[in-house]
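Working notes for the structure below.
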Amino acid sequence: MPLRMRLGVEDVLRCRFAVSPLCQTHEALRMLRRPERHGYHRAWLRRMQAAVAGLDLARMWLFMPPRGGYTPDFLGAPPEVPSASFADELARMRSTDPAMAHTEMARSLACTPGATESPEGRRALADPARAVRELADLTERAWHALLAPHWSGVRALLEADIAYRSGRLAAGGWEALFADLHPDLAWTDHTLVHHTPHDYPAAQQADGRGVLMVPSVFVWPDVVSGFAAPWQPTVIYPARGVGTLWQDPAAGVTSALVRLVGRTRAAILADLDGPASTTALAARHSMAPSSVSAHLSVLRDAGLLTSRRHGHQVLYERLPLAVALLAAGPAAQG
C-alpha cells in the first residue's frame, strides 16, 4: 500500500522548503552506490574519480541499503532553518543521542541480510556514540572532497527550484505543487500520497508538524519520504534542471546567436533552461559575478531575458525571443 499522510490545517500552514548541504552529501554518497542513478552526474563523476577513490565509504554504505530500505535519519536530519550551513548541520549530526542512533542503525542494518551480524555492524551497535563520530568524520571528508568545490552552483540550482515550487504553490495551492513534483507523489483530499513499493498498513498523521520539502540534486529518479518521530515529516525530491548542472555551458549555442550577441552571452542564454541567479551562472561559466551581471543586464535590456526577485536573489529566465534565437541555425563550432 502507498504511504498516505493526512495533513490538517496546522500542517498545511507549517509546510516549508529548505536546502540542506548535509542531505546533499549523503544523497551523493547513496547515488555513488547505485550505478543506475548515475545518469545526470557522469561528467561530475569523471571529475571526482580520484576524490571518490580516496574515500573509504564501506562504513557509510553499510547504512545505505543499495536497493532501497531504511537509512538512519540522523545521517541527514531534516534541516531546522531554510538554508543551514554544512558546519551547523554537521554539528547537529555529531550531537545525535547514542540511544536514538542505536535504534536507527539497527533498523537500517536489518534491511541488508547479514549486516547486523557483520563485524562492522556489531561494532557500530556496541558503541553507537563512536559510530556517530566516525560517520560524521567521514561525512565531513566527503563534503570537502565531493561537494564543497561545487556548492555555489548546486545551492543556486536548489534555490531556483524552491522559487519555482513556491510560485506553483502560491498560484494553485498544494494540488498545483504536487502536479509536477514527482510521478510517485500526489495530493488528494488533504492527503499526501507517496506511491512506494514498501507497505504502509495505515494512514499516518503529521500531527501539526507540517511537511518539509527538500529539493535534491542526487536523489533522482527516486523520491524519499520520512515521517518517523522525532523528525519533522520530510519529502526529498529531484530538483528541476539537474540535467544542466554539469553540462558544458556552451552546449546548444547556435552560430546565428553567437554572431548576434557574442559567444559569452550566447552561452549564458543557452544555459538558462530554468531560472538561475548571477551566482549560479558565474559558477557554471567560471566567471566573476560582476562580469555575468553585466552580460545579464545587456541581455535583459535587449528583451531576451526577464528577471524577478526571490528572497535575496534575482533569478533570470529566457523570454520567447531568446528561445527562438537559440533554435535558429546550426550549432556553433569551437
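The values are calculated or read from the model by the stated rules, or taken from the named source; none is laboratory data. Small disclaimer: the values here were computed from a predicted structure and weren't measured. Neighbour counts are summed over all protein chains in view; Cβ atoms, including those assigned to glycine, are modelled from backbone coordinates with ideal geometry.
From Ala91, Ala84, grab the single residue that is over 20 Å from Asp127 (Cβ atoms), within 23 Å of the chain's Cα centre (by Cα) and without any contact (Cβ under 8 Å) to a residue 24 or more places away in the chain.
On the way: Ala84 fails: without any contact (Cβ under 8 Å) to a residue 24 or more places away in the chain.
Unique residue meeting the criteria: Ala91.
Condition first: in a helix (DSSP H, G or I) and surrounded by fewer than 20 Cβ atoms within 10 Å (Cβ to Cβ). Now tell me which residues in segment 165-195 satisfy that.
So the first thing to find is which residues in segment 165-195 are in a helix (DSSP H, G or I), and the list is 165-179.
If the condition is that a residue be in a helix (DSSP H, G or I) and surrounded by fewer than 20 Cβ atoms within 10 Å (Cβ to Cβ), then Ser166, Gly167, Arg168, Leu169, Ala170, Ala171, Gly172, Gly173, Trp174, Glu175, Ala176, Ala179 are the ones that fit.
Filtering Arg4, Arg59 for residues that are modelled with pLDDT of 90 or more, more than 17 Å from the chain's Cα centre (by Cα) and surrounded by fewer than 20 Cβ atoms within 10 Å (Cβ to Cβ) leaves a single hit, Arg59.
Give me the helices (runs of 4 or more DSSP H) completely within segment 74-146, filtered to those with at least 3 residues that are surrounded by 17 or more Cβ atoms within 10 Å (Cβ to Cβ), ordered by residue number. If you could, list the steps in order and put the result at the bottom.
Numbers: elements: 86-94, 98-109, 119-126, 128-142.
Per the criteria, 86-94, 98-109, 128-142.
How many residues does segment 264-273 contain that are surrounded by fewer than 19 Cβ atoms within 10 Å (Cβ to Cβ) and at pLDDT below 85? Reasoning before the result, please.
If we filter segment 264-273 for residues that are surrounded by fewer than 19 Cβ atoms within 10 Å (Cβ to Cβ), which is where we start, we get 264, 273.
Cutting the leftovers down to at pLDDT below 85 gives us 273.
Within segment 264-273, residues that are surrounded by fewer than 19 Cβ atoms within 10 Å (Cβ to Cβ) and at pLDDT below 85 number 1.
Only one of the numbered conditions (1) without any contact (Cβ under 8 Å) to a residue 60 or more places away in the chain; (2) more than 19 Å from Glu140 (Cβ to Cβ); (3) out of contact with any Phe, Trp or Tyr (no Cβ under 9 Å at 6 or more places or on another chain) is not met by Ala18, and that is (1).
Every test in (1) in a helix (DSSP H, G or I); (2) at pLDDT below 80 is passed by Asp248 save one, and that test is (1). Taking segment 133-185 as the range and being under 18 Å from Pro21 (Cα atoms) and free of Cβ contacts under 8 Å to residues at least 12 places away in the same chain as the test, the residues that pass are Asp137, His144, Pro149.
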